[in-house]
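Data block below; observations after.
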Amino acid sequence: MHGRPRKQPSLNEDNASIEKAAKLRSLQSLVLHNHQNKIYDKEALEVSSKLLELNPEFYTAWNYRKLAVESALLSEENSDTIRAILNEELKVVENALRRNFKSYGAWEHRKWVLKKEYSSVDQELQLLDQFQKADSRNFHAWNYRRFVAKLKNLPAKEELKYTTNMIESNFSNYSAWHSRSVILSHLLKEKPQGFNSKHDVLKEEYDLVHQALFTDPDDQSGWFYHLWLLAQTAAPDAPSLISLWPPHGSDLVVSSNGALPLILYFDQVVEGVNSSTITVAHTFCEGEGLIWKPLSVNYSGKAQAWMTYLKFPEPGNNSSEVYTVVVGLGQVKGIISSSGSSLSSPLRFTFTMRVQSTPSEHSEGIVTMKMLSWKDEDFCRNEEVLQYFNPCILPSELLNISEDCQQTTLKSKLEIFTHEIELFRDLLIEMNCKIGMLTLARLLLAHDALMLHSTASVSQKANSEKILELFTDLMKLDPTHSRFYKDKLSIVLMEQVVSNRKSLEGHCWYYGTSTFSLTQNSICLRLNNLSLSRIGSFEHLLWVQMIDLRENELRSIEGLEVLQRLTCLNLSHNKLSSFTALSPLTLLSSLKVLDISYNEIGAHSIDTTRYLCSSPLSHSAGDDCNLGEYAIDDVDMAKYWEAVLVFRGLQLMQLDVVGNAVSDDDEFSFLLVKILPKLKWLDGNAVY
């Protein structure tokens, strides 16, 4: 491994290996016998220690010794005897580590012994020095060092200095860089007395990592640490609400046949969104009983977007009566980020709505009269296409943040990013460095994101074209990772399209069929044929009800679940390869029209995405699913279980799946009709 060629073993070496294997099998059998029969005498423990000295990776032997120690401690009260028992365990661990100082089981067993608080930890750092001299990058030893430092209450600044010494002796010590990031994360969060400001700390860290990057640009250790620094610099100090629907100040006309979604979109993943932390006041009912739901497919109780429904009354004689809704958040603490910080500041926004019994031309109602067609001739441009459009992005005047404090923080971050951008531009002039190009692209992205919050910002991001150029060049220079760069490029391109009104107008079309009205004004956001492999910028799209994403290169629709108003979706002619890729659809309860034709669903016998990340369809999403409920004679339900999980909760009226390998089976069509009781059209044909 690690580039070293295999050496053919000699006859003597083969015989020694055979003898060792026989000895190991004998010892393992004895340990398992003692374990099963709960034999914890001295002879049995000696057998286990011999086994662990030969093979420290036999985890059952470590667990056996834990049980043996616990059994001995139950009947022992003398502290000296207890200490002797535990010190014997430390000796066993030390012998095992000398055999393999990267043994997970050995290091964890040593932690377990020290947690008993009978053994001295004074010698542990000396032991660690021995192992780190053998391999200064041994991450097991570094992890154990942090454990010991916590037990001994060693000052974090001393440990930080230790990492500095180790890094300066070897810039390629990735474990030292990682340990430094762990220590600094703690210090930045706790802000102990005498610790420098975050701005000063980050500047010092950038200076340190520059030494590594510019000394040996081909070594990855410093680059990973620089990426961590970039994330720390760009990260907001506290979560903020950045987008919402209905928009602040909007005036809606809603029909009486449904409920109105209220969507909040934060700048990072948060939890604690509920009727206690969010107040919703309106004239027709109180908001205490509202149930807030995280819009996430992983069912973790945390999400960047949250949603609830407002139920409104039947219209009275006066259908023009206007209702005012006031939403407040942040008055009560409880909305927190994954880092533990609370919502940055309290805020309040309002909108008005009028309920009417019959959906009008501009109402939030749903009327389905004819099959929807996605042909170009069915769409037309209209200068007033966005006449009723309100931006979802929260206006800055609503944010009750100290302007001086906000501008000071932005200024310090922009100062860092501007300096870094200049450095990496100079580096790329001198050498063609792929990771340098990627870092420059990330810096420009972070800089543009900050500029949007600056008082001097403009809606068009200044560096978009340069970022697109960098990712395009990287796709050519590094074809092995071209799909990663393509995803990044797609996100930037989509941001460029939807983040300002002028560009957005060029992609908003009017669906012109007079006999069909499914969305407000029938506005369709047409993002077809843009070569997108990923989609993003969802904070700008909460208003969308109809979107055309056909003829792209999408392999994932991650994030689409936040578009809770979506009723019509075209994903045809993409590269979606499984129903797992469609899991965000399970949260789109308003979806009525779906086109997933001409993808690659069913073409691959093994869905490799399951091995890249955990599929939400294999966990809690299916806990309450009874496949037998949808069983059809002679249909293998196990073959289509993911399709059942995706479609069973939807209220689709029109579905197109033709052109996928899975659609070649007639039985699949029968199954879809059974799963979707409201379906009227399947692959262009009426369903009876």
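Please treat every number below as a calculation from the coordinates, not as lab data. Computed from a predicted structure; not experimentally measured. Methodologically, a virtual Cβ is constructed for each residue, glycine included, from the backbone with ideal geometry; neighbour enumeration extends over all protein chains shown.
Gyration tensor analysis over the Cα atoms of the range 138-229 returns equivalent ellipsoid semi-axes of 21, 17, 10 Å (largest first, whole Å). Check the straight Cα-Cα distances from residue 466 and name the lysines below 22 Å, setting aside those fewer than 8 residues away within the same chain. Here the lysines satisfying the reach criterion relative to residue 466 are 413, 434, 476, 486, 488, 502.
Modelled spin labels at residue 46 and residue 411, positioned 7 Å past Cα toward Cβ, are 7.6 nm from each other. Dimensions of the range 469-512 from C-alpha coordinates, computed as largest minus smallest value along each principal axis and given longest first, are 44, 20, 11 Å.
On full extension, the segment bounded by residue 154 and residue 590 gains 151.4 nm, given 0.36 nm per residue less the C-alpha separation. Once both labels are positioned 7 Å from their Cα atoms along Cα-to-Cβ, the gap between residue 196 and residue 211 label points is 1.3 nm. Checking the Cα-Cα distances for 592/674; 23/116; 50/116; 161/191; 161/203; 66/157 against a 28 Å cut-off, the pairs over it are 23/116; 66/157. Segment residue 674..residue 186, full-extension length gain: 170.3 nm, with 0.36 nm per residue of separation and the alpha-carbon distance subtracted.
How much length, in nm to one decimal, is gained on full extension between residue 170 and residue 638, taken as 0.36 nm per residue of separation minus their Cα-Cα distance?
163.0 nm
Once divided by 2.2 N^0.38 Å, the Cα radius of gyration of the range 1-147 becomes 1.17.
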